[in-house]
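For reference, the structure is listed below as structure tokens.
What follows draws every value from the coordinates through simple rules; no lab data is involved. Nothing here was measured: the structure is a model prediction, and the numbers come from that model. A quick note on method: Cβ atoms are made from the backbone with ideal geometry, for glycine too, and the neighbour counts reach across all protein chains shown.
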């Protein structure tokens, strides 16, 4: 793009998502950002806080006013509606895109309303005639989710089931408009696809349980995703012939709050309340007061059917965002669109959903600046066997250093490694009892070590011999709530760990533990700095086990190589 800067009006420009979009765009000198909102003072304060090369102009914009007059005065090249909630706009919902079309202004939005996004196609003929594009839903749902499904679909000859979901961090600031959107359909019938025919589910009541786990990343805790009225329910199935079912959900943290919302939604289902919409401000305050838990969020898209060879296949795309980076995800599609515009690549004229408008690669390019991990997993139902760590790591297996991969590439019958280690032990009373009960080795500066890996079916038996003293464990893949975690059994105790490649290391991060199957508090779980690494082509290990009640129990570190190697 050459010539004058592209004038971009962001309605809701200092809000939850509009403000983040402005932060992403302020580094582009070819843009002039019009920060729009009902309060000129707030728009001015936010605009002054932005750095970067882009021009910034605070402006008062009221979507309930004369939008045609306001747009005529501002004369943007592109209007982005990041305000909402689109679910409660009523009959005047399309007034802004209609005004943009009549004035020859391109338009895009972050709409997550199923009805709004579906209805935008009614403006297609007008937009084509005016020579402008109108793209609705250029957000996590449906633009990013559809891009992920398109990536997964490359491995299928037929897709039978599709589901998607989003799980925001409990510490992410959820705007009141988002809460209003959710409360508008809570407990009410939501049209879904079930058994190949149109059916109904109940908003925030119907649910699926999913563990969001990109390969090589620490998974989110297993969550129940409650049915939401989202564009995905229409657009993920669009163009997928013979689809049997589709589901889209959201997971709120803490999950206790989500269960409370689901119980309240039952009052709407029973017609004891007409709607939860009047309670949206109270729900908004509750979400802020109960903001505890890990500051991480995520998203998934899952498909199942037949692969290109006609065999059963389940494939899923996962995303995990750390800290405050999650709320940037819904606006990365808009950044990707504007990158294209800046390079002179315009979307085709016409009004339509943004689903399928951008490939997954365009989103991934925007994710690079953030602590965002993505990846795909493939599961073949009924298939058994294969190295345990290879199954757990999926595509991240390829990132392992050769020495670590060779150590864990255990086949049926197993193999043996031997080497030397140094062992330290805790001196506390409880630490000594636990160490003796498990059979951890005693203190030794240099002791011969042999480790035997015996693979059988989907489990691996580990026999560790330190100078003649043995202790054993069984490792297997977690199931259900523990999906995608490595489970290691020491007698009645089960330790659950995430496998996380980190450069030349493979880290083991404790994510839970059980005693005779009963979950125990994670804060009391035994753990420490546990990793394997490759140094000068040799496999090295470092295991530290301790806890807040016991202090250090044992720490041993050393090296191993194949016997005779």
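A Förster radius of 41 Å, combined with the Cβ-Cβ distance separating residue 29 from residue 398, puts the computed FRET efficiency at roughly 0.55. Exposure proxy ranking for 559, 513, based on other Cβ atoms within 10 angstrom of each Cβ and starting from the fewest, stands as 559, 513. Can you bin the chain into rounded, prolate or oblate? Criterion: square roots of the alpha carbon gyration tensor eigenvalues sorted a ≥ b ≥ c, rounded for a/c under 1.5, prolate for a/b above b/c, oblate for the rest. Note, shape of the chain comes out prolate. Spacing of the modelled spin labels on residue 518 and residue 390, each 7 Å from Cα toward Cβ, amounts to 4.0 nm. Secondary structure note: in the chain, about 80% of the DSSP beta bridges are antiparallel. Across the chain, the relative contact order, built from alpha-carbon pairs under 8 Å that are at least six residues apart, equals 13 percent. Fewest neighbouring Cβ atoms within 10 Å first, the residues 67, 173, 320, 438 line up as 173, 438, 67, 320.
Here residue 470 and residue 379 are evaluated by their C-beta separation; at R0 = 41 Å the FRET efficiency comes out at 0.75. Arranged from fewest to most other beta-carbon atoms within 10 Å of their beta carbon, 260, 485 become 260, 485.
For residue 561 and residue 160, a Förster radius of 45 Å and the Cβ-Cβ distance give a FRET efficiency of 0.45, rounded to the nearest 0.05.
Between the range 387-466 and the range 518-544, the alpha-carbon centres lie 10 Å apart.
Each helix, a run of at least 4 DSSP H residues, gives -39500 (n - 2.57); summed and divided by the residues of the chain, these come to -7000 deg cm²/dmol at 222 nm.
Residue separation of residue 549 and residue 73 scaled by 0.36 nm, minus their Cα-Cα distance, works out to 164.7 nm of gained length.
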